[in-house]
Structures are given as structure tokens and as C-alpha cells.
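Engineer: The structure that follows is given in the form of C-alpha cells.
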Ligand SMILES: Nc1ncnc2c1ncn2[C@@H]1O[C@H](COP(=O)(O)OP(=O)(O)OP(=O)(O)O)[C@@H](O)[C@H]1O
């Protein structure tokens, strides 16, 4: 059985099929397969270096797989397309990055950051109409246009800047939004607001969303499905609630044990105990296992080598 997230509803907007990525001797992605569906989010969760950003970059066509396929609405987009196809794809697949500070140009007011993509992709509209579009975008991400439009990035808080980044991504009416650790550089107090916003814009715009995080506790805020990655492999995946309520793979269990529960933690993410246990699991998951166990209706786990 192939490792995959089951297509339960419609045709996926994006599908990765057996994607591999080598960087010299580093095998960063080992047979990664999952689908993104319109109006749904998938959380890609795992420790630093497990391959999350490489997946995001491949989906955004900022990088290419060494092997495997990337399908967009059923069409194989693994190879370079015509310049028109590439332009359309880049419009359709937008990214929100981790660092809200460096992703906006400090020399331009917020108005420019939103008016520009509207102008490039929205055709020749009269200025008044484009101004209305900018206002609507700002309102849709919870910002007051009258206050925000003429401000420069440095005059906004981190959370406000991330809202502008989300608005900028929405300006071109994408069908896919890849959010790579969108809250990890923000103050803890506003992280949930940004996750709520992502969940809302996903619903309102029927977006197929990839939400990348090292914080498994936040997956359920945004994503209907989850993929837990470890050392370049998908180790457990499926319906978020099922995976989080009955984790089967030792690495998922370890990640969840690092989430504070009633103020107590078994281990913490970077602690010596966590790293020691992650090392033991690494030994169990090497070499690459291709056997997949089905645990529930939409809940899968890569079999450990010991049980092969
Ligand atoms: N351009 C590159 N050249 C060489 N190795 C790379 C390159 N990009 C990624 N890697 C390696 O591939 C592996 C996966 O990296 P990736 O950035 O995808 O992980 P990640 O899960 O996103 O980590 P983080 O949360 O720290 O961003 C790592 O071992 C990394 O060092």
C-alpha cells in the first residue's frame, strides 16, 4: 500500500506523489505523498530539519524534486512549463513566510504592497476601484484601512505585518496558500489570532492550505488533516483529530508528550530527554520503511522497521 492521504471528497488541487529530494548526500524527502483539497488545510508537523520547508518550496516551485511528481489539478507539473503556465502557477500558489518583518519592503507603504499585486494580476481597473479592493483586503484580514494603508511596515506590529502578508497573498485570488511557520516569530499572545485568521480565510476563499509548523498543538486550530514528518519521511498521517487523540507512531507520541497538558509536560521540545528519545526513534525509523499500517478510516502510520 502506498503512503498517501486518502482522497475522500473531490479531486485534489495539489498532489505530491512519491516526492524525493536529495541535497548531495542529504536525503531530505523520502517518498512524500499527500494531497491538498479546496477549502481544507493540511498541517505538516515535525522537528527542525525534517523536510517541511523543502516540501513547501517544491509546492511553490521554488525548488524541484529529485524524483516523484507534483500534480496541479491532475496535471503533472514536475517539469518546467511555458512562461505563461509558470506565471499562472505562481499566482495560484501563494506563500506566507515565517518572518513577517523581512517579507515586506521597508521602503513602501502598505497600500503599495497590496495595490501592486492587484494591478499586476487584476487587469486595468480605475484607481478608485483598486482602492476599494485594497480596503476590502485589509478589512478581510482584520485591519482598519484608514489607519493602515499609508503606514510603513516598521510602524506595524509583527501580527499586523503578518496580516498584511496574508492580505497580499489573497490579493491575487490564489487557490493554494502555503503558510510556513506563520506564527513562530510572533508574540505568543497573538499566535492564536493569526491561526484563527488563517482558518477563516481558508473557509471564505475555498483555499487549499498547507500549514507548516513544529508545534503539533496548533495543528487542530487550522487543519482538518495532518502529516507528521520525521527525518524526511511521513511517519503518521490522516484526520487531525484521530491522529492527535490516538497517536500511534512513537515520534507523534513524543511530540504530543512535549505539549503542556494541565500545566505539566512529560518532556519539552528541546530538552535533553526529548532529543534522547528522538534519537531512539530515529534508529527505529532507519532504514526507510515503505510498509504502511492503516489504523483508522483516515489514519495511517509508517510501519517501524522492527515490525517489518
Ligand atoms: N539548499 C540546501 N542545501 C543543502 N541541504 C539542504 C538545503 N535545503 C535543505 N537542506 C537540508 O534538508 C533537510 C530538510 O531541510 P528543511 O529546511 O526542509 O527542514 P525543515 O523541517 O523545514 O526545518 P526548519 O523547521 O528548521 O525549517 C535538512 O537536513 C537541511 O539541512
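The values are calculated or read from the model by the stated rules, or taken from the named source; none is laboratory data. On a predicted model such as this, the values are computed, not experimentally measured, just so you know. All Cβ positions, even for glycine, are placed from backbone atoms using ideal geometry, and neighbour counts span all protein chains on display.
Engineer: If the requirement is being more than 30 Å from residue 284 (Cα to Cα) and either within 14 Å of the ligand (Cβ to nearest atom) or under 12 Å from the mean Cα position of the chain (by Cα) (or both), which of these qualifies: 201, 222, 235, 172?
Structural biologist: Answer to the check: 222.
Engineer: Kindly check whether there is at least one residue in region 38-46 that is assigned to a loop (DSSP other than H, G, I, E, B), within 16 Å of the ligand (Cβ to nearest atom) and surrounded by fewer than 21 Cβ atoms within 10 Å (Cβ to Cβ).
Structural biologist: No: zero hits.
Engineer: Then there's this: Got at least one residue in region 107-118 being within 19 Å of residue 209 (Cα to Cα) and surrounded by 18 or more Cβ atoms within 10 Å (Cβ to Cβ)?
Structural biologist: no
Engineer: Could you please let me know if residue 10 is out of contact with any helix residue (DSSP H, G or I) (no Cβ under 7 Å at 6 or more places or on another chain), loosely packed, with under 13 Cβ neighbours inside 10 Å and in contact (Cβ under 8 Å) with a residue 24 or more places away in the chain?
Structural biologist: It is true that residue 10 is out of contact with any helix residue (DSSP H, G or I) (no Cβ under 7 Å at 6 or more places or on another chain), loosely packed, with under 13 Cβ neighbours inside 10 Å and in contact (Cβ under 8 Å) with a residue 24 or more places away in the chain.
Engineer: For region 170-184, state whether one or more residues are part of a helix (DSSP H, G or I) and more than 18 Å from residue 207 (Cα to Cα). Can you show your working first?
Structural biologist: So the first thing to find is which residues in region 170-184 are part of a helix (DSSP H, G or I), and the list is 170.
So of that shortlist, the ones also more than 18 Å from residue 207 (Cα to Cα) come out as none.
Scanning region 170-184, I find no residue that is part of a helix (DSSP H, G or I) and more than 18 Å from residue 207 (Cα to Cα), so the answer is no.
Engineer: Of (1) touching a residue at least 24 places away in the same chain (Cβ under 8 Å); (2) surrounded by fewer than 20 Cβ atoms within 10 Å (Cβ to Cβ); (3) within 30 Å of residue 134 (Cα to Cα); (4) away from the ligand (no atom under 12 Å from the Cβ), residue 99 satisfies all except one. Which?
Structural biologist: Condition (4) is where residue 99 drops out.
Engineer: Another one. Would you check if residue 179 is crowded, with 16+ Cβ neighbours inside 10 Å, under 19 Å from residue 90 (Cα atoms) and within 16 Å of the ligand (Cβ to nearest atom)?
Structural biologist: Details: crowded, with 16+ Cβ neighbours inside 10 Å: yes; under 19 Å from residue 90 (Cα atoms): yes; within 16 Å of the ligand (Cβ to nearest atom): yes.
Yes; evaluated as a whole, the condition is true for this residue.
Engineer: Of all residues in region 14-37, which are more than 13 Å from the ligand (Cβ to nearest atom) and farther than 20 Å from residue 92 by Cα?
Structural biologist: 18, 31, 33
Engineer: Follow-up question, since we're still on this one. Residue 60 is checked against (1) away from the ligand (no atom under 11 Å from the Cβ); (2) without any contact (Cβ under 8 Å) to a residue 12 or more places away in the chain; (3) within 17 Å of the chain's Cα centre (by Cα) and fails just one. What number does that condition carry?
Structural biologist: Against the list (1) away from the ligand (no atom under 11 Å from the Cβ); (2) without any contact (Cβ under 8 Å) to a residue 12 or more places away in the chain; (3) within 17 Å of the chain's Cα centre (by Cα), residue 60 comes up short only on (2).
Engineer: Test residue 77 against the criterion of being touching a strand residue (DSSP E or B) at 6+ places or on another chain (Cβ under 9 Å) and at pLDDT 95 or above, and give yes or no.
Structural biologist: Details: touching a strand residue (DSSP E or B) at 6+ places or on another chain (Cβ under 9 Å): yes; at pLDDT 95 or above: no.
Considered against the rule, which asks whether it is touching a strand residue (DSSP E or B) at 6+ places or on another chain (Cβ under 9 Å) and at pLDDT 95 or above, residue 77 comes out as no.
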